[in-house]
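K.L.:
Would you mind keeping the following structure in view while I ask a few things?
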Amino acid sequence: MALPKIAEELIEFQKRKELTDTQIAFESHFSVEAIHQIKAGEMTPTAEEVQRLTTYLASKR
């Protein structure tokens, strides 16, 4: 199963910045569980959640 684009972006961002799920969750105002589930493909984020994560990622690049 292919991961959603936002999950791939989170994983690449996390590798590049050397951040933990906890750090990303704290900074993006998501739960650690939600970040983990999105990255694992176990949760499909809503359009609003994708927008929030996209905004977060853009602010950190």
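K.L.:
Which condition breaks for Glu49 when tested against (1) in a helix (DSSP H, G or I); (2) charged (D, E, K, R); (3) surrounded by fewer than 16 Cβ atoms within 10 Å (Cβ to Cβ)?
P.N.:
The number of the failed condition is (3).
K.L.:
Out of all the residues in segment 9-39, which are under 17 Å from Ser59 (Cα atoms), open to solvent by 60 Å² or more (accessible area, probe 1.4 Å), without any contact (Cβ under 8 Å) to a residue 40 or more places away in the chain and part of a helix (DSSP H, G or I)?
P.N.:
Hits for segment 9-39 are Glu12, Lys15, Arg16, Gln23, Phe26, Glu27.
K.L.:
Let me ask you something else. If a residue must be farther than 14 Å from Pro4 by Cβ and either touching a strand residue (DSSP E or B) at 6+ places or on another chain (Cβ under 9 Å) or of a type in the set (Val, Ile, Thr) (or both), how many such residues does segment 15-61 contain?
P.N.:
5
The values are calculated or read from the model by the stated rules, or taken from the named source; none is laboratory data. A quick note: this is a predicted structure, and the numbers were derived from the prediction, not measured. Glycine gets a Cβ as well: all are built from the backbone with ideal geometry, and neighbour counts include every protein chain shown. Only protein heavy atoms, including side chains, enter the accessible area calculation; ligands, DNA and RNA are left aside. Shrake-Rupley method; radii C 1.70, N 1.55, O 1.52, S 1.80 Å.
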